[in-house]
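The values are calculated or read from the model by the stated rules, or taken from the named source; none is laboratory data. Not measured: the values here are computed from a predicted model. Note that each Cβ is placed from the backbone with ideal geometry, even for glycine, and that neighbours are counted across all protein chains shown. Quick note on the areas: whole protein, heavy atoms, side chains included, nothing else; ligands and nucleic acids left out. Shrake-Rupley method; radii C 1.70, N 1.55, O 1.52, S 1.80 Å.
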Amino acid sequence: QVQLVESGGGLVQSGESLKLSCAASGRLFTIYYMAWHRQAPGNEREFVAGVRRSGAAEYADYVKGRFTISTDNTWNTVYLQMSSLKPEDTAVYFCSAVGNGVQSWGQGTQVTVSS
């Protein structure tokens, strides 16, 4: 089992940057994919970015070129560097980890971008 705790959310102005962190614990050796998703009020949860053990990363079109996902060397922490933030990026951001056929989720961290 994997436990995930997100941090780093907050209130920023349009155009500013913010870096989210997700600390993972538990059976980390089972994880082969980690990702960030987000959910705005009234909307479904949507994919933002993901990264594989190989280092290969993928991004949703609406964040490509603005957000960067990365991990530390031990795969204990996954980051989401967000730049050029827009009001439409306002959402609760969730970290997820996939391994052994199970997808684990964190509790989320709020990101609010004011115009």
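Miscellaneous remarks
- Span from the the range 1-50 Cα centroid across to the the range 61-103 one, whole angstrom: 5 Å
- Rounded percent of accessible protein surface that carbon and sulfur make up, the chain, 1.4 Å probe: 47 percent
- Remark: the chain carries a charge dipole of roughly 240 debye about the Cα centre, counting +1 on each Lys and Arg Cβ and -1 on each Asp and Glu Cβ.
- For the chain, the pair-distance distribution built from all alpha carbon pairs, in bins 5 Å wide starting at 0, is 2, 13, 24, 26, 19, 10, 5, 1, 0 percent.
- Pairs of Cα atoms in the range 52-115 fall into 5 Å distance bins, from 0 up to the last occupied one, in shares of 4, 13, 23, 27, 19, 10, 4, 1, 0 percent.
- Simple spin-label estimate for S25 and E46 in nanometres, 7 Å along Cα-Cβ: 3.3 nm
- Taking a Cβ cut-off of under 15 Å around F67, the surrounding Lys, Arg, Asp and Glu residues balance to a net charge of -2, with basic ones at +1 and acidic ones at -1.
- Among 4-11, 92-99, the peptide with the highest mean count of other Cβ atoms within 10 Å heads the list, and the full ranking is 92-99, 4-11.
- When you work out D = kT/(6 pi eta Rh) for the range 1-57 at 20 °C and 1.002 mPa s, using the Kirkwood radius from C-alpha pairs as Rh and the Stokes-Einstein form, the result is 159 µm²/s.
- Å² per residue, accessible surface of the range 50-115 at 1.4 Å: 49 Å²
- A DSSP coil position with no more than 13 other Cβ atoms inside 10 Å describes the following GluC sites (Glu not before Pro) in the range 41-115: E44.
- Among the trypsin sites (Lys or Arg not before Pro) in the range 44-98, those located in a DSSP loop and surrounded by at most 14 other Cβ atoms within 10 Å of their own Cβ are R53, K64.
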